[in-house]
Amino acid sequence: MKKTTLVAALLAVTLGCSSSTTNDAPTTAEKTIGPEGGAMDVAGATITFAPGAVSKATNIRVEKTTKAAPDGYVALSPIFHCEPSGTEFAGTVTMTMPFTADGQPATMFWSAGSPAFNDVGGTVEGGRMKATVKHFSEGFVGRKK
């Protein structure tokens, strides 16, 4: 009986730990960024604001969405939605997104107004693509079909 009780207890502890411990990153982040610049992370993506990118303290919100790729595109990353949408930047803002390479060329696409997306290029650094964005809307890593 003691062996059975010990095995049951170990199994309960193991299952309890595995179900209560997750490595899921938050899918939404908010932060106030001022003229001094700054950075924020959400769901494996990093958004970096150079000094002067915004002229005043601005509440930034970034969300990893579950949206499907827009028609005519293959998404290799989640689509990230950034607010306040339409915000134009006076300085450099760099978006770095995790993506899953599939052996074909990929680039970062950034919304130019529904449903259009512009190819903003990007460089690959260890499973992540990094590109400069000029305004806030939404974007993803992928390619045109």
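Assorted remarks:
- Table column - 3J(HN,Hα) (Hz), the stretch 87-104, Karplus curve with 6.51, -1.76, 1.60, x for Gly and Pro: 4, 8, 9, 7, x, 6, 10, 10, 10, 10, 10, x, 8, 10, 5, 10, x, 10
- Estimated at 0.36 nm per residue, the fully extended path between Asp119 and Thr32 surpasses their Cα-Cα distance by 28.5 nm.
- In loop segments of the stretch 43-145 as defined by DSSP, the GluC sites (Glu not before Pro) with at most 12 further C-beta atoms inside 10 Å of their C-beta are Glu125.
- With a Förster radius of 22 Å applied to the C-beta separation of Thr92 and Lys144, the computed FRET efficiency comes to 0.25.
- Cα shape, the stretch 28-144, gyration tensor, a/c 1.5 rule: prolate
- Taking label points 7 Å from Cα along the Cα-to-Cβ direction, Ser55 and Lys134 give a separation of 1.8 nm.
Every number in this text was worked out from the coordinates using simple rules, so none of it is lab data. The model shown is predicted, which means the values in this text are computed figures rather than measured ones. Every residue, glycine as well, gets a Cβ built from its backbone with ideal geometry; the counts of neighbours run over all protein chains shown.
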